[in-house]
Every structure is written in structure tokens, then in C-alpha cells.
Amino acid sequence: DAGVPFLVEPAHVPEELRPGEAPRAFAERLAREKAAAVASRRGGGTGTTLVLGADTVVVLDGEALGKPEGPAHAEAMLARLQGRAHRVVTGVALVGAGRAGVRSFAVESQVHMRAAGAEEIRRSVATGEPLDKAGSYAAQGEGRRFILRIEGSETNVIGLPMDETLRLLREAGLAWDAP
């Protein structure tokens, strides 16, 4: 949407919470690991290549909710979120363009969900969309129906906080033609 040219390359990094790891630290660590993994496959992030990694977690009652293990788990996650507020944390990391190390940050937003019944949740999960989403919903898709309001960055809830990410890319020296 911002006009930045990009390629998508999966990082294949295990998304496992470490004992005692806070959700914010978890999201930022995964973003760094994903960016570093792709950069290492592409020559270590040297030259003009920039590698951006991101990971989003849903946090309810201090617990990081990742992607569901299957439809029943997705239904259970969505049921837990109904009628409540939760946090969405996205970690973003950038490697490359001759810079040493990884630059990273995390953004948090609060999402307020409306109450929904078991049948509505089941129909949502049956679309398949929730099965690869943190917290089992996508704010940009079918899951939007459950959201009452978002406090903070909506693009963060979708999975990539645009304003902060574009600032990071500019600081790294990337220039592009905005639409």
C-alpha cells in the first residue's frame, strides 16, 4: 500500500515462547530471528538488500496466544476473546544495507471484541482464515466482524505497523516512490 517494492520469503523460524519470556520480547525476538534467517540465506544482509521481519502475537490476561493448532483450538481461542479487550503486539526487525546488527521495535494496540455465540465462531473458523492467524482472527478479513474498536495502530493489528515500519525503512536509507 505504501509503494515499497518487496518480495516475500518465509523465514521458517520456530515460533516458540521461551519460559518466562514476556509477549513483547517474544514478538520482537521472533521478528529479529526471521529477518536474520532470511538475510543469512541472502548473503548476510549485505549490499543494498534490506530484510524486514515481523511477528504478531495476541495477548490475553498476560498470555501470548499464537496461531491455533487446528479448528477446535481456533474456536476455543476466539471464545476466550469474545466480549473482552486484549493486546496485539507486533515486533518488527530490519537487517541489511551494510548496517551491523539488527534494528528492531515492537508496537502494541488494544482490541475490543464484541460478544459472539459458539455458532458464529464456528462459522468463522470454518472459512479457514483463522487457522494461520495469531489469536485466530484477521482484522483485515472475516475476523473484523468481532471487533468493536481498536485503540492504537490498526495496521499493527493487521500484522505490520505501517507508520513505524516506513520510518525504520527511511532511517535505513531506503527511498521509494509513494503511490
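The values are calculated or read from the model by the stated rules, or taken from the named source; none is laboratory data. These numbers were taken from a predicted model, which means no experiment stands behind them. Using ideal geometry, Cβ is built from the backbone for each residue, glycine included, and neighbour counts are taken over all protein chains shown. Each accessible area value is taken on the protein alone, full model and side chains, heavy atoms only, with ligands, DNA and RNA left out. Shrake-Rupley method; radii C 1.70, N 1.55, O 1.52, S 1.80 Å.
Observations on the structure shown:
- In the condition set (1) in contact with a His (Cβ under 9 Å, 6 or more places away or on another chain); (2) assigned to a strand (DSSP E or B); (3) of a type outside the set (A, V, I, L, M), Gly135 is compliant with all but (2).
- Any hit, region 100-108, residues being assigned to a strand (DSSP E or B), at pLDDT below 90 and buried (at least 17 other Cβ atoms within 10 Å of the Cβ): yes
- In region 114-154, of all residues being open to solvent by 40 Å² or more (accessible area, probe 1.4 Å) and hydrophobic (A, V, I, L, M, F, W, C), the one that is nearest to Leu81 (Cα to Cα) corresponds to Ala115.
- Qualifying positions in region 37-59 - open to solvent by 40 Å² or more (accessible area, probe 1.4 Å) and at pLDDT 90 or above: Leu52
- Flag for Val59 being over 22 Å from Pro19 (Cβ atoms) and either touching a helix residue (DSSP H, G or I) at 6+ places or on another chain (Cβ under 7 Å) or free of Cβ contacts under 8 Å to residues at least 12 places away in the same chain (or both): no
- Residue in region 68-89 that is over 24 Å from Ala36 (Cβ atoms), crowded, with 19+ Cβ neighbours inside 10 Å and among the polar types (S, T, N, Q) present: no
- Residues considered: Ser104, Ser136. Of these, the only one that is within 25 Å of Pro71 (Cα to Cα) and in contact (Cβ under 8 Å) with a residue 24 or more places away in the chain is Ser136.
- Which numbered condition Met162 misses (of (1) open to solvent by less than 50 Å² (accessible area, probe 1.4 Å); (2) touching a Ser or Thr at 6+ places or on another chain (Cβ under 7 Å); (3) not aromatic (Phe, Trp, Tyr)): (1)
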